[in-house]
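The values are calculated or read from the model by the stated rules, or taken from the named source; none is laboratory data. Quick caveat, the model's predicted, so the values are computed rather than measured. When we count neighbours, we look across all protein chains shown, and the Cβ atoms used for this are built from the backbone with ideal geometry, even at glycine. In case anyone asks, the SASA skips ligands and DNA or RNA and just uses the protein heavy atoms, side chains included. Shrake-Rupley method; radii C 1.70, N 1.55, O 1.52, S 1.80 Å.
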Amino acid sequence: MRRIVVVAAMLAMAWAGPASANSCPTDMKEIDDALAKGTKLSASDLVKVKQWRSEGEKLHKAGKHKQAEATLEKAKAKLGI
C-alpha cells in the first residue's frame with residue numbers, strides 16, 4: 001500500500017511540473033495581447049510591465065517556472081488581466 005502512495009505522489013509531481021511550465025507561455029501571450037491592444041497605464045507602469053514580461057521569459061527559459069509565474073503575474077495584475 002505504501003508503494004502505491006509513493007508511486008502516485010511521484011506521478012502527480014511529474015505531471016504538475018510540466019503543467020506549470022506550460023502556463024508561462026500562456027501568461028506571456030496574454031500580456032503581449034493586452035499590450036498590443038493598448039493600455040491606459042502611465043509611462044512608468046508600462047515600463048514596469050515590459051520589464052516583468054521580459055524577466056518572466058528569461059526565468060521561464062532558465063527553468064525557474066515558479067519565479068517566472070510570479071513575475072508574469074505582477075505584469076498581468078498591473079494590466080488588469
Practice prompt. Please find, within segment 32-81, the residue that is least open to solvent (accessible area, probe 1.4 Å) out of those that are under 19 Å from ASN22 (Cα atoms) and among the polar types (S, T, N, Q).
Written response: THR71
Response to the item:
Residues of segment 1-57 being at pLDDT below 95, under 16 Å from GLU69 (Cβ atoms) and of a type in the set (A, V, I, L, M), in sequence order, are ALA16, ALA19, ALA21
